[in-house]
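The values are calculated or read from the model by the stated rules, or taken from the named source; none is laboratory data. What you see is a predicted model, and the numbers here were worked out from it, not measured in a lab. Heads up, the Cβs are rebuilt from the backbone with ideal geometry, glycines too, and the neighbour counts pull from every protein chain shown. Side chains included, ligands, DNA and RNA excluded: accessible areas come from the protein's heavy atoms. Shrake-Rupley method; radii C 1.70, N 1.55, O 1.52, S 1.80 Å.
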Amino acid sequence: MKRIAIFAALLASASPLAAEVHTIIPGEGAQERLQEALILAEPGDEIVLSAGRYELTDGLSLDVDNVTLRGEGMDGTVLDFTSQAGAGEGLLVTSDNVTLRDFAVENPKGDGIKSKGADNIVYHRLRVTWTRGPHPENGAYAIYPVESTGVLVDGVKVTGASDAGIYVGQSDRITVRNSIAEANVAGIEIENSRNALVEHNIATRNTGGILVFDLPNLPVMGGGNVIVRNNLVVANDTPNFAPPGNIVAGVRRGTGIMVMANEDVLIEGNVLSGNPTAPVMVIAYVQPYDDERYNPLARNIVIGENAFEGGGYDPQLEGGEMLKAAFGGELPPVMWDGLGSLYVVEGTPGWTLNLTEQGKGLGAASPAPLTVEPPVDEFDASEIGAPAELEDRLG
Amino acid sequence: MKVGGILLGLAAISLAAAAGQARIVAREVDDEVITGKNLPRTLEEFGFFIHADAQMPTTGVLPYRLNTPLYSDGAEKLRFVYVPEGQEVGFGKDGLLQFPVGSALIKTFAFGNGEERRLIETRVLLHREDGWLALPYLWNEEQTEARLAVAGARIDLTTPKGEAISYRVPNKNQCKECHGLDGAVTPIGPKARNLPAGWLDASFGLSHEEAGVMPLWEDRQSASAEDAARAYLDVNCAHCHRPGATASNSGLDLRWEQDDPHALGIMKRPVAAGRGAGSHLYDVVPGKPGESILLHRMLSNDPGVAMPELGKATVDEEGTEAVRRWIEGLPES
């Protein structure tokens, strides 16, 4: 037994593949020391960012599989990009099976942390903050996984993004949970993605709380199979500060949960309070488009039991005052454009624009109270969410 | 081979007496350093140059130029290719030269003229058994040695147009941000369409129907506005903005061979441009360069807005003018 143990130890120390821990401290040359560690890391290694503030002038990047980058707490280890002079994001990850945890990124010039084509990535207890608060010149996305299969975002906090705080794009098998998205244009956005679970988050003081979008003309199309449940979506009343030209610039202040295009989306168990345009909005893509792969309608969208406090009491919609008056002083909590297919549990009031074709604005609407069927079948949740094995990297 | 060995031996003998003379003897490229497993610490180890500081290549290391080059803040760029003796070169997809294992592409960035010229960095692409490897080498102040700088560097310098900039030497990962395609590192520049036909023939005995079809940048006024701009966009943007590369998720594809107007950005809405969009709605608005996000970002120096994201710190006045001319001439629908 003893002999085996010694042999194993020898083997471990002799093997070039033995996992190593590289510890980085803040201070002089941190940019080069940290970037060098990220480049020279071997699969299995862990890079530890000791507590403190790292003044960084350039974006960092990681392209080695199976590496953990760990700080000493989202308020202990801060990667400060206030004087960043180059690169499109603070940290870019392009390798698989990476775990990012327990550190903060502040004031990146572009996006915060981006992972592209990085499968099975875990974002855990991270913070990305633009410290001046909402501002159109803040970066677009705080947490930004794209074109990836297997994404787990757990316990992060994002503030000030001029597009979306947590943005998952063109990806598959996704979980975003236990996170706080505050004072972004969009709190959490799932775009052109499939099999996403968004649960136990707080989305507050954003322009719109949680968005599920499908857009045309992207390499990955056909978003759907999304569950948004048990989230606190409260007081999303920050005026839209997105630069014009971005799709979220069209999101109205006071939108709680919004589905645009997409198929098979379940919204249930959420608490929606203080979202004065529409606590829940389900609509087709509104712009003209030229892409035969694209279905612009919201299909099979299911609204289960949610707790609503108030509806559209201050809607940022053309003719909002008249609409409010017509509905007795406040718009009902669920807003639909009348296109595609929507199912709502009994007892949840709503209203419809009664549009008859995609691409028409409010001008073509003939608003009326919502009368749709309740959900018929159990929602198929079997493939939804990040692969279970990603859980092992938490704790 | 034998002669070379004798010469080297003689050189070694005379080394103590005349150290300066030793370097004149043509040395050979060290194939094992190119194909080995290590990350060589200095550029010297490869043996690409007789006089590295003068960028005088040794036998078998061939200088070349591209018709339309990548903009790098006005840096003078000295390009070389090395192919092991007796090995074949061919063409791959898009007319990209296919170099055998053991080949190397070498590119030195320099600022200043004549005696004032200062070498900043030399980037090498090595074709090893397991694929291409990109490494940056940083020249010292004395110009005697270029050392591996995997984490890159920032250097204060003045461009030919007199702009004081903080010049970024890319780190090893940033090399891949531009040179990455479908997850692997690949050369970008040496495609038939951007290489002079005469050089292809003289160097490798190759010919290609597309050889040199991209305009010579200095003669772009005599090319069509479309050709000049499309060549510029291909060379400066399409290594990321194409399927399988760093900016694939944008849906923008600026390759020379792309002819779908929407993929080229014409009346295409941005995806993840964020504040990079300025106040504009579309990447390219025909006839309206001032409303086109593409040009807006090329004219910016603000990180987070500026395009390309890597490899330059100043606006390319000539390149943006070529793109402006093209957009202005596109028919308004």
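All other residues whose Cβ lies under 10 angstrom from that of B:Asn301 are scored, Lys and Arg at +1 and Asp and Glu at -1, for a net of -1.
Stokes-Einstein, applied to the Kirkwood radius of the stretch B:217-329 over Cα pairs at a viscosity of 0.692 mPa s and 37 °C, places its translational diffusion at 236 µm² s⁻¹.
For the pair the stretch A:200-270 and the stretch B:65-139, the centres of their Cα atoms are 46 angstrom apart.
Counting only other chain Cβ atoms within 10 Å of each residue's Cβ, the peptide B:301-307 averages 6.
So how tilted is helix A:2-14 from the main axis of chain A? Cα-based, degrees 0 to 90, rounded to 10. That helix lies at roughly 80 degrees to the long axis.
Over the stretch A:239-395, with every protein chain in place, what whole percent of the accessible area is carbon and sulfur at 1.4 Å, could you tell me? Of the solvent-accessible surface of the stretch A:239-395, carbon and sulfur hold 49 percent. Interface size, chains A and B: roughly 3000 Å² of accessible area buried, both sides included, 1.4 Å probe, rounded to the nearest 100. Packing, taken as the mean count of other beta carbons within 10 Å per residue, orders the peptides A:46-57, B:227-238, A:124-135 from highest to lowest as B:227-238, A:124-135, A:46-57. Among B:Arg255, B:Arg154, B:Arg118, the largest mean-square fluctuation in a Gaussian network model of chain B (Cα springs under 10 Å) belongs to B:Arg154.
The residues neighbouring B:Leu70, those whose beta-carbon lies less than 9 Å from its own, together hold a net charge of +2 under the Lys/Arg +1, Asp/Glu -1 convention. If you take all other residues with their beta carbon under 11 Å from the beta carbon of A:Ala203, and give Lys and Arg +1 and Asp and Glu -1, the sum is -1.
Shown in residue order for the stretch A:280-294 are the 3J(HN,Hα) couplings computed by the Karplus curve 6.51 cos²θ - 1.76 cosθ + 1.60 at θ = phi - 60°: 10, 10, 10, 9, 7, 4, 9, 8, x, 8, 9, 7, 6, 6, 9 Hz (x for Gly and Pro).
For the listed peptides B:48-58, B:101-111, a ranking on the average number of other beta carbons within 10 Å per residue, highest first, reads B:101-111, B:48-58.
Scaled against the 2.2 N^0.38 Å expected of a compact globular protein of N residues, the Cα radius of gyration of chain A reads 1.05. Here is how the number arises for chain B: DSSP H runs of 4 or more residues each give -39500 (n - 2.57), the sum is divided by the residue count, and the result at 222 nm is -6000 deg cm²/dmol. Pairwise Cα distances in the stretch B:27-204 exceed 28 Å in 20 percent of cases. Rounded to the nearest 20 debye, the dipole magnitude of the stretch A:294-395 is 500 debye, with +1 charges on Lys and Arg beta carbons, -1 on Asp and Glu beta carbons, and the Cα centre as origin.
Among the residues of the stretch B:173-197, those with an accessible-area drop of 10 Å² or more from chain alone to full protein complex, heavy atoms and 1.4 Å probe, are B:Asn173, B:Gln174, B:Lys176, B:Glu177.
Shown for chain B: the carbon plus sulfur share of the solvent-accessible area, taken with all protein chains present and a 1.4 angstrom probe, equals 53%. Counts of other chain beta carbons within 10 angstrom of each beta carbon in peptide B:262-269 average 2.
Solvent-accessible area per residue in the stretch B:217-329 equals 36 Å², computed with a 1.4 angstrom probe and all protein chains kept. Within 10 Å of the Cβ of each residue in A:50-59, the mean number of Cβ atoms contributed by other protein chains is 2. Among A:314-325, A:186-197, sorting by the average number of other beta carbon atoms lying within 10 angstrom of each residue, highest first, gives A:186-197, A:314-325. Compared with its chain on its own, the stretch A:225-245 contains the following residues whose accessible area drops by 50 Å² or more in the full protein assembly (probe 1.4 Å; ligands, DNA and RNA excluded): A:Pro244, A:Gly245.
For chain A, lysine pairs with C-alpha atoms less than 28 angstrom apart, excluding pairs fewer than eight positions apart on the same chain, total 4. The overall shape of the stretch A:248-302 is oblate: from the C-alpha gyration tensor, with semi-axes ordered a ≥ b ≥ c, the ratio a/c is 1.5 or greater and a/b is no larger than b/c. Per DSSP H run of at least 4 residues, take -39500 (n - 2.57); add these up for chain A, divide by its residues and hand me the 222 nm value, nearest 500 deg cm²/dmol. Calculated from helices alone, the mean residue ellipticity at 222 nm is -2500 deg cm²/dmol.
The separation of the stretch A:109-155 from the stretch A:331-395, counted between C-alpha centres, amounts to 26 Å. Accessible area per residue for the stretch A:236-395, computed on protein heavy atoms with a 1.4 Å probe, is 44 Å². The relative contact order of the stretch A:188-388 comes to 19 percent, based on Cα pairs under 8 Å that sit 6 or more residues apart.
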